[in-house]
Amino acid sequence: MVRTITFSRNVFLPLTNVCANACGYCSFKEPVREGCVMPEAKIRATLQRGSEFSCTEALFTFGERPENEQGFRKHVEAAGYPNILSYCEAMSRAAIDLGMLPHTNAGILTYEELERLRHVSASMGLMLETTAEIPAHRHSPGKDPAMRLEMMGNAGKLKIPFTTGLLLGIGETSADREESLAAIRSLHKRYGHIQEVIVQNFCPKQGTEMAGSPGTSQEVMRETLVMATDILPKDVSIQIPPNLANAATLLSFGVTDLGGVSPVTIDYINPAHPWPALGALQGIAAGYELRERLCVYPHYCTEEWIAPEIWPPVKRLAKLIYG
Ligand code: SF4
C-alpha cells in the first residue's frame, strides 16, 4: 500500500520579530525600532492573497513576550492594539473572516492566554526544542524546558490540538533527544492533544553565535526519525521541513508530513531556505501519495477540540479537504 505524506498550504505572518529571548542560533530576533510590528494592512493583504491561492492556514508567529523588551509597547499601541496578543486575536479573526484557519505559535503563554487564543485558533504550537539545558539557551528564560512542558500540558488541559517539535544540533545529545521525545509522549498519553512533532534540523545562520556550527547531519536526522517512530504514539504525525531537510531521502524513516508550505510568503525564520513550490513537493514525495491537510488534523475536527467561534470554518474546510 502506498503511504500518505501530508502538507498544509499556508501563509506565514510574523507579527513582530521582537523577542525577550536571545537564542545563540537565532537570526529572527530584531531590536525594537520603527516598523517592528507588521502593519495591519500588510497582514490583511497577505491573508487576502492567501485566500486567493486557496491557503487554508494562517500561521501567526512572533517573538516571545515582546512587551518585556523596552519600548516595544508603544509600537503595538501605535498599531491600534494594547498588546501583541490582542493584535494576534484581531488578525486571527481577519483570517477566519476569509475562511482561513489560524494556527498560532506565540512562544510561552499562560493558561489564561492560551484559553483566550483558543477561541480564535484552530490549533497552536510551541517547539519543545530540547529538554536539555544547553549554552545556546543561556540568555533565553523562555527556553526553560520545564516551562515549555508546563505550557504544553496546559494546552492539553484546554483541549488545543497542538504541534511541537525538536530542534536538532543545538548542543543536545542523542540521549537528550530520546528524553525530549519521551516527554512529548507522556504529555500526549495524558491529554491526547499532540497532533504532530516536527523533527527539525538546525541550519547555522551568518552573524549568530552558532554560525560556525556544522548544523545537523543526515545521520542524526535519520537516527532521530527512527527514534521518534519508536517512541511516539502512532496517531502523532512526524514532520520534517522540506525547505531545510533533505526531505526526499528521509521520508522512508517514518516521516508522515512535510509541514506548512506557502505559495505566497517566505519562511521568515529561515529566509535563506525557500519553500519548494507545490509541484516540487510532488517530486520530493515521489512514490508516496501526497495529500493536503489542514493545520488541524482530521481526528481533532470535532466540537470537543474546536472552539465555537472557529468551528464553522473548520467544519467547512474539513469536509472539503478530508471529505
Ligand atoms: S525564542 Fe525564537 S525568536 Fe526568540 S531568540 Fe529564540 S529562536 Fe529567536
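Which GluC sites (Glu not before Pro) does segment 202-289 hold that lie in a coil by DSSP with at most 12 other beta carbons within 10 Å?
For GluC sites (Glu not before Pro) across segment 202-289 that sit outside H, G, I, E and B with at most 12 neighbouring Cβ atoms in 10 Å, the list is empty.
The relative contact order of segment 224-275, computed from alpha carbon pairs under 8 Å that lie at least 6 residues apart in sequence, is 35 percent. Using a 4.7 Å Cβ-Cβ cutoff, the cysteines of the chain lacking any partner cysteine are C19, C36, C55, C88, C203, C295, C301.
According to a simple spin-label model (label point 7 Å from Cα along Cα-to-Cβ), what is the distance in nm between T4 and T208? Inter-label distance under the simple model: 3.4 nm.
Computed from the Cα positions only, the extents of the chain along the three principal axes stand at 51, 47, 38 Å, in decreasing order.
Multiplying the residue separation of K319 and A277 by 0.36 nm and subtracting their alpha-carbon distance yields 12.6 nm.
For S237, the amide hydrogen comes within under 5 Å of the amide hydrogens of E196, V197, counting only partners 5 or more places away or on other chains and with H modelled in the peptide plane. Exposed loop sites are taken as trypsin sites (Lys or Arg not before Pro) in a DSSP loop (any state but H, G, I, E or B) with at most 16 other beta carbon atoms within 10 Å; the longest stretch of the chain without one runs 34-137. A crude spin-label estimate for the pair H139 and R33, with each label 7 Å from Cα along the Cβ direction, gives 1.6 nm.
Every read-out reported here was derived from the displayed coordinates using simple, explicitly stated rules and does not represent laboratory data. Not measured: the values here are computed from a predicted model. Glycine also receives a Cβ, built like all others from the backbone with ideal geometry; neighbour counts cover every protein chain displayed.
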